[in-house]
Each structure stands twice: as structure tokens, then as C-alpha cells.
């Protein structure tokens, strides 16, 4: 038995159908949504039970690290996705495999940023200010639910008969 190679993975990605890609995207998106929600609820529940203070003074280093991570990784993930979706700019449809890879990449970047800032809440022992980057990444994540519009053909330019004669 041999390990799958990158070429085999690329070939199997192109054989994926659009409805299957949407189902997989929704499954991944919901899984990535449940993970930080459960960690945040656990953290808030424990903070209420153990009387963890809302904030502590002088513990801003983790917050700045989480904000810096979010500010650097999120734009890189968006530009990387747009690089993968470059056919979309000229009106072509994106293959379902490229759609999955691009969206999961952005979702994972936002998920790790949120989990990093939630880990800051645990390490520092206070909810604020480390909860702010987690909610920012969650907000960005919620706006990127899987629609599949990138896998459809987008018409570019004048498609109608509105030419000046």
C-alpha cells in the first residue's frame, strides 16, 4: 500500500461534483463553528463558576499577539483564496475541489485565530481583552458561510442588447 501523492489528490479533487462539494463545505463549516463555540461556552461557564475576573491589568501581551495574528493571517488567507479563485475574475466557474480548498483554508485561518485568543483567556485567567479577537474572527467566519456561488459561471461585461447604435 502506497501513500497518496499530491498528483493523486489533485486528480481526485477535480472529480468532485458541486453538490458534494457544498455538502462537504457545510459539514466543515458547521464543525468549525461548533469547536470555538463549545470552547467559548466552556470558558464562560468556568469563569462564572470559578469567579475568574473579567479582566486583569497588565496582561495585554496575549491580546496584542492574538490581534496581530488575526490582522496578519486573515488577509493572507483571503488573498490566497483569491489566488486560487483567479478564474472567477475572468468569468469562469471555479472547480468544486478548488472551492473546497480555498474556503477551508480561510475558515481554518479564522478558526486558529479564534482558538488562539480563547487560549489566551485560559492562560491569562481573564476573559477580557482576549475575548475580543475571538469574537472578531467568529464574526468574519459567520459572514463566510458556504454558498457555492464561486462554482457558477459569472457573466462579465454587457450581456444584453443595450448597445448604442
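The values are calculated or read from the model by the stated rules, or taken from the named source; none is laboratory data. Everything numeric in this text was worked out from a predicted model, so none of it was measured. Here the Cβ is made from the backbone with ideal geometry for all residues, glycine too, and neighbour counts use every protein chain on show.
Quick check: anything in the range 106-113 closer than 16 Å to residue 18 by Cβ and assigned to a helix (DSSP H, G or I)? Even if it seems obvious, please write down each step before you answer.
Within the range 106-113, the subset closer than 16 Å to residue 18 by Cβ is none.
No, because not a single residue in the range 106-113 is closer than 16 Å to residue 18 by Cβ and assigned to a helix (DSSP H, G or I).
Look at (1) modelled with pLDDT under 95; (2) surrounded by 11 or more Cβ atoms within 10 Å (Cβ to Cβ) and you find that residue 3 fails only one, number (2). Among residues that are outside any helix (DSSP H, G or I) and over 30 Å from residue 16 (Cβ atoms), residue 126 is included.
Taking each residue of the range 116-133 that is under 12 Å from residue 40 (Cα atoms) and looking for partners that are outside any helix (DSSP H, G or I) and at pLDDT 85 or above with beta-carbon atoms closer than 7 Å, six or more apart or interchain, yields 117/130; 120/130; 121/130. Quick one: residue 47 ticks every box in (1) touching a helix residue (DSSP H, G or I) at 6+ places or on another chain (Cβ under 7 Å); (2) buried (at least 17 other Cβ atoms within 10 Å of the Cβ) except a single one, so which number is it? In the conditions (1) touching a helix residue (DSSP H, G or I) at 6+ places or on another chain (Cβ under 7 Å); (2) buried (at least 17 other Cβ atoms within 10 Å of the Cβ), residue 47 misses (1) alone. For the range 85-94, the condition of being within 14 Å of the chain's Cα centre (by Cα), on the phi < 0 side of the Ramachandran plot, surrounded by 14 or more Cβ atoms within 10 Å (Cβ to Cβ) and part of a helix (DSSP H, G or I) holds for none of the residues.
Yes/no per residue for (1) under 21 Å from residue 24 (Cα atoms); (2) in contact with a helix residue (DSSP H, G or I) (Cβ under 8 Å, 6 or more places away or on another chain); (3) at pLDDT below 90:
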site	(1), (2), (3)
39	no, yes, no
56	no, yes, yes
59	no, yes, yes
100	yes, yes, no
109	yes, yes, no
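Looking only at the range 104-111, decide whether some residue is within 18 Å of residue 138 (Cβ to Cβ), touching a residue at least 40 places away in the same chain (Cβ under 8 Å) and surrounded by fewer than 18 Cβ atoms within 10 Å (Cβ to Cβ). So far as the range 104-111 goes, yes, one or more of its residues are within 18 Å of residue 138 (Cβ to Cβ), touching a residue at least 40 places away in the same chain (Cβ under 8 Å) and surrounded by fewer than 18 Cβ atoms within 10 Å (Cβ to Cβ). The residue pairs whose first member lies in the range 139-165 and is farther than 22 Å from residue 23 by Cβ, whose second member is loosely packed, with under 10 Cβ neighbours inside 10 Å and modelled with pLDDT of 60 or more, and whose beta carbons are closer than 9 Å, counting only pairs six or more residues apart or on different chains, are 156/90.
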